[in-house]
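Written below as structure tokens is the structure these notes are about.
The values are calculated or read from the model by the stated rules, or taken from the named source; none is laboratory data. Source: prediction; values computed, not measured. Cβ coordinates were reconstructed from backbone atoms using ideal geometry, including for glycine residues, and neighbour counts include every protein chain displayed.
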Amino acid sequence: MMEIHRYTAAYHRDWNDFVNESSNGTFLFLREYMEYHADRFTDYSLLVYDDNKLLALLPANRQGDVLYSHAGLTYGGLIMTTRNTTVQVLAIMQLIADFLRKERFVKWVYKCVPHIYHRYPSEADLYALFRLGARWVGCNISSAVQQENPLRFRADRRSRMKKAVQAGLQVVETTDFAPFWQVLESNLQERYRVKPVHSLAEIELLHSRFPDRIRHFVTLRGDEVLAGSVIYDTGIVAHAQYTSASHEGKHSGALDLLYGEIIGEVFASRKWFDFGQSTEEMGHYLNEGLITQKEGFGCRGVAYNIYEIDL
């Protein structure tokens, strides 16, 4: 008989071990990552067992009578392994829905793990959502480069890269996030009147926990940071979590040189390089200038889908 357990610290090791062996989990689902913002989210993560055998995980949080999986993560649906059959996933998803009804939830918001993050095909949950009568309520569009067969950079991008090289700019990896964070915060404030999702202290904390997974690169002119990027490396996908350039960096080709090196050199062995989303408002607003800029580096669209289930 399958049964559901709510996550507590007693399950920490079981949870992390399962994520590491899963077919669609990334380090964002490890407890050390999920809990960096525990003060902002009421955790309601679930573990599904059959006797003493762990079958699946659901990273989740509660907001009133709505379950989000997960509001504090870019993606976060059912985490499974290659041992999970489609019939079993159907039963697991139904079991979770029944459990949530008993717990007096009225809605389940489900953010799928995009296929590019799967180590092995893991989309039986999408079929289960269909069977549960889920509504497709959001579709954010990201942009990714297929590293095994990359498209050529657009001519203007190649020209700016050449300009940056001729100007003596250099791309280096560094663990000092502060100079880039000043550039990032200034740009976000000027253009959108917002702050980064992570504070400087939070990204430094996460880097200390995942030094091989969270990496930081900058383009320098002497000691001056002209552009930078924070890359989340899952082993399959290198994801640009943050990228920004100063006014001078934009004109000097610093960003183009940065992407040229991290896509073509540093993360060339990954299956995908993901530039991140260019949408807001659950996908109803597309920042056409931003996605056009990204597509100049040879990337194309990947959907980040969001569903709702009325319970």
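For Tyr110, the test of being part of a loop (DSSP other than H, G, I, E, B) and among the aromatic types (Phe, Trp, Tyr) is failed.
On inspection, Arg158 does not qualify as assigned to a helix (DSSP H, G or I), among the basic types (Lys, Arg), outside the structural domain of Met80 (by TED's automatic domain parsing) and modelled with pLDDT under 95.
Kindly state which helices (runs of 4 or more DSSP H) lie completely within segment 163-262 and contain at least 3 residues that are within 20 Å of the chain's Cα centre (by Cα). So that I can check it myself, show each step before the final result.
Values: elements: 178-192, 200-209, 247-252, 254-261.
Fully inside segment 163-262 and qualifying: 178-192, 200-209.
Residues considered: Ala268, Ala201. Of these, the only one that is surrounded by fewer than 19 Cβ atoms within 10 Å (Cβ to Cβ), closer than 24 Å to Arg158 by Cβ and out of contact with any Gly (no Cβ under 7 Å at 6 or more places or on another chain) is Ala268. In segment 34-53, the residues that are closer than 18 Å to Leu206 by Cβ and assigned to a loop (DSSP other than H, G, I, E, B) reach residues that are polar (S, T, N, Q) and modelled with pLDDT of 90 or more with C-beta atoms within less than 6 angstrom, at least six apart or across chains, in these pairs: Phe41/Asn61.
Yes or no, residue by residue, for (1) in contact (Cβ under 8 Å) with a residue 12 or more places away in the chain; (2) surrounded by fewer than 18 Cβ atoms within 10 Å (Cβ to Cβ):
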| site | (1), (2) |
| --- | --- |
| Val165 | yes, yes |
| Thr175 | yes, yes |
| Val194 | no, yes |
| Ile214 | yes, no |
| Gly222 | no, yes |
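Considering segment 54-64, and only residues there that are part of a loop (DSSP other than H, G, I, E, B) and under 18 Å from the mean Cα position of the chain (by Cα), the residue that is surrounded by the fewest Cβ atoms within 10 Å (Cβ to Cβ) turns out to be Ala60.
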